[in-house]
Amino acid sequence: MTTRTRILTGITTTGTPHLGNYAGAIRPAIIASHDSNADSFYFLADYHALIKCDDPLRIQRSRLEIAATWLAGGLDVDRVTFYRQSDIPEIPELTWLLTCVAAKGLLNRAHAYKASVDKNIETGEDPDAGITMGLYSYPVLMAADILMFNAHKVPVGRDQIQHVEMARDIGQRFNHLFGQGKEFFTMPEALIEESVATLPGLDGRKMSKSYDNTIPLFSSAKEMKDAISRIVTDSRAPGEAKDPDNSHLFTLFQAFATPAQSDEFRSELLQGLGWGEAKNRLFQLLDSELGESRERYHQLIERPADLEDMLQLGAKKARSVATPFLHELREAVGLRSFVAQTQVAATTKKKAAKAARFVSFREDDGSFRFRLLAADGEQLLLSRNFADGKTAGQVTKQLQSGQALDVRSEDLSFSVWLEGERVADSPAFANSAARDAAIGALRVALTPVQE
Ligand code: TRP
């Protein structure tokens, strides 16, 4: 069986993406999503945006622009799950469950919060001046983003590593308190792409909105050209040899050029190409690399209803994972229905676990399959066809290993996934309550029995 890695990352929706965001995060994420071993979840972290920004128009505008940027950049929404955080009500629900196990002392140590406190102390203010609970709880919300989907890898900037570590910490604590030997949550790992360029801005410092040194990405050719004309260079005149390795204009060029194009540009600079002409070359390169995407971007922005539809579909996909999983987590902490059916989890845990069984069989075509039957004989799962019995056996073993279960509901049935591959399906149930109860029974059945 191939192993698919679930990759998840969020983009805070407070600004308009610039060239640095594109080269540093958007482009690598889109490329990574083309890997057939990747099961990518990318989302607009618009709840996080509210922590930093109280301007509704800016929030709204930024969500639209970021969505359009990712799609124009070539994100394939059939391949990846692309959604808005605020379309997934399970995220704030999980945030609360996690808040109740997150140690306050852990959050006291968060860099972003600490920096604000330090600044207040420095300026003689009350230490908590201007600090909201949103800022303080930021890492818990982020932990919910990550743990909700059992992400393996979380591509982030260096400033976010601590938050991913906190997600592990909080997830582990939840597993320990409520998992009864089972790992509800996968432990995520931060993924820092060492090879990805941090682009220099117009003045040579890191390109960042806070330095006001950015080159726009998809605004217009003219605006891009204007920004490029403001790139700071040294004062060597045309005809004088330039030093490509100490020129951020060259670094910018390299980030979008083929090695052959870079070599050519380098030798031209060494031979005394004027800076004005060099800026022209950079503009031509960026325009040919990004011009088409820019056009797509403007088409998308002009059809917000289409973008809305795409994101609603993304939310539906994401919720097919989140809804049944959150149901399980609610059960685990004791938020259970009063109706007997869903109390299965609490009362017949051992019995169900003991009595549930896998039944293997062979199809006429020689392939191997299995069913999982609940204690009462009800069929919970029918597997897909496996080429050999060994693989089928491995799958049943893995399902019983106590690792985080990936169950996805769709209408009145659900499916079970292992490492990003669909391995088995449930029958269709009469209603969603029956479906959710069956998912509960499935979890119980697959929980290793502790003697
Ligand atoms: N905090 C991240 C940032 O500012 C954005 C984010 C929110 C995120 N939730 C996430 C990133 C979950 C990765 C995973 O960059």
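The values are calculated or read from the model by the stated rules, or taken from the named source; none is laboratory data. Just so it is clear, the model here is predicted, and its values are computed rather than measured. No Cβ is skipped: glycine too gets one built from the backbone with ideal geometry, and neighbour counts run over all protein chains shown. These area figures cover heavy atoms from the full protein model, side chains too; ligands, DNA and RNA do not enter into them. Shrake-Rupley method; radii C 1.70, N 1.55, O 1.52, S 1.80 Å.
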Rg (one decimal) and Dmax (whole number) from the Cα set of the chain, in Å, equal 25.9, 86
The correct ranking of TRP96, TRP417, TRP275 by accessible area at 1.4 Å, largest first, is TRP96, TRP417, TRP275
Measuring from the longest principal axis of the C-alpha atoms of the chain, the long axis of helix 161-178 (C-alpha) lies at a number of degrees, nearest 10, equal to 10
For the pair LEU106 and ILE121, the simple spin-label estimate (label points 7 Å beyond Cα toward Cβ) gives in nm 2.3
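Given a 1.4 Å probe and every protein chain left where it sits, what share in percent of the accessible area of the chain is carbon and sulfur?
51
Remind me, relative contact order of the chain in percent, using alpha carbon pairs under 8 angstrom and six or more residues apart?
Relative contact order comes out at 16 percent.
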Across 5 Å bins beginning at 0, the whole-percent shares of Cα-Cα pair distances in region 52-126 come to 3, 11, 11, 13, 16, 17, 15, 9, 3, 2, 0
If the chain between GLU410 and SER432 were fully extended at 0.36 nm per residue, the gain over the current Cα-Cα distance would be 7.0 nm
Reported to the nearest 10 Å², ASP54 has, with a 1.4 Å probe, an accessible area equal to 150
Between ASP388 and LEU313, the FRET efficiency computed from the C-beta separation at R0 = 51 Å comes out, to the nearest 0.05, as 0.90
Per the helix-only model, the chain has a calculated mean residue ellipticity at 222 nm (DSSP H runs of ≥4, -39500 (n - 2.57) each, divided over all residues, rounded to the nearest 500) of -15500 deg cm²/dmol
Rounded to the nearest 10 Å², the 1.4 Å probe accessible area of HIS327 is 50
Residues of region 10-40 with backbone N under 17 Å of the label point set 7 Å from the Cα of VAL77 along Cα→Cβ are 11, 30, 40
Taking Rh as the Kirkwood radius computed over alpha-carbon pairs of region 336-445 and applying Stokes-Einstein at 25 °C with viscosity 0.890 mPa s, one gets a diffusion coefficient in µm² s⁻¹ of 171
Per its Cα gyration tensor (rounded if a/c is under 1.5, else prolate when a/b beats b/c, else oblate), region 92-228 is best filed as oblate
Region 1-111, convex hull of Cα, quarter of hull surface, nm² -> 9.0
About its Cα centre, the chain carries a charge dipole, from +1 on Lys and Arg Cβ atoms and -1 on Asp and Glu Cβ atoms, whose size in debye to the nearest 20 is 1380
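Quick one: putting +1 on the C-beta of Lys and Arg, -1 on the C-beta of Asp and Glu, what dipole do you get for region 109-160 around its Cα centre, in Debye to the nearest 20?
Value, rounded to 20: 360 debye.
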In Å², rounded to a whole number, the accessible area per residue of region 336-445 with probe 1.4 Å is 50
